[in-house]
1. Return yes or no: is residue 79 within 27 Å of residue 56 (Cβ to Cβ) and not in a helix (DSSP H, G or I)?
2. Would you confirm whether or not region 176-186 contains a residue that is surrounded by fewer than 16 Cβ atoms within 10 Å (Cβ to Cβ) and either modelled with pLDDT of 95 or more or at negative phi (or both)?
3. Failed condition for residue 98, given (1) surrounded by 14 or more Cβ atoms within 10 Å (Cβ to Cβ); (2) more than 22 Å from residue 10 (Cα to Cα); (3) under 19 Å from the mean Cα position of the chain (by Cα), with all others met?
4. Keeping to region 121-151, report how many residues are modelled with pLDDT under 95 and under 11 Å from the mean Cα position of the chain (by Cα).
5. Which residue, of 39, 35, is free of Cβ contacts under 8 Å to residues at least 60 places away in the same chain and either farther than 27 Å from residue 169 by Cβ or in a helix (DSSP H, G or I) (or both)?
């Protein structure tokens, strides 16, 4: 079955997941060390995954979102393992044991993290550019994945230095200019996200429309849910800086010394002008669309029906004679 309009309780569940993500963003930073790190990381990955599955099913149906999930997991794991072995496309790095069990050389948590945030980036891409439809506009089919890749990489700009240089969840063997992270990492992210989003866009473009599918009516609230989930990523990074701990010196794998407060401040600054900027732009588009609809409704006067012309006498096909006219 394809996507169908969901009842109010379905929308309530999605907003409940947004509220849960608010708590997960604020509470650990206001009250640090209260939640065990493995539980916190797993929950931070799980909530966006559940949100993405339920949210996308309303728009694309279960077949659609499972396709996105499979493509995302396959492409991200392939390129992550490739880079660890060869350096392409991210650069030379490896994962430590801190993120738990691995699939080949990549922790199991990494794939779902790609999926959860990748889906949010996809939604913002459709808000900013337009919907990708079966046999639809070729421009949106290729532009949405490109924009989504930039939106996704903004997340990594705000979290990679902390997770690699400070926490050592993964190690950049040759270091890098962005607090121990190389430019190749972000180029690799752009490439990876573009590939799985582009494959999904082509799937939607060439998917055969089904006559028995009830096209969902997607409200502004529907898109606001995903926009809010993405905004929370940026807010969490800013809060981490504002409520951060003491400044410490950290040496990366290349022997360069960085300071934790500088890293946190840079990540917060970048997040404000990338993640939160993209959020503000998407919110403006949603409000602009609502304002346009309201303006059209207010500007349009009452619809008047054309008067029905009554003909009391039958019109004969032959020409009337002069006597009949007189």
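1. Taking the combined requirement at face value, the residue does not satisfy it.
2. At the first step, the residues of region 176-186 found to be surrounded by fewer than 16 Cβ atoms within 10 Å (Cβ to Cβ) are 177, 183.
Filter once more, so that each one left must be either modelled with pLDDT of 95 or more or at negative phi (or both): 177, 183.
The answer is yes; a qualifying residue exists.
3. Checking residue 98 against (1) surrounded by 14 or more Cβ atoms within 10 Å (Cβ to Cβ); (2) more than 22 Å from residue 10 (Cα to Cα); (3) under 19 Å from the mean Cα position of the chain (by Cα), the one that fails is (3).
4. So the answer is 0.
5. Values: 35 fails: either farther than 27 Å from residue 169 by Cβ or in a helix (DSSP H, G or I) (or both).
It is 39.
The values are calculated or read from the model by the stated rules, or taken from the named source; none is laboratory data. The structure presented is a predicted model; accordingly, all values stated were derived computationally and were not measured. Neighbour counts are summed over all protein chains in view; Cβ atoms, including those assigned to glycine, are modelled from backbone coordinates with ideal geometry.
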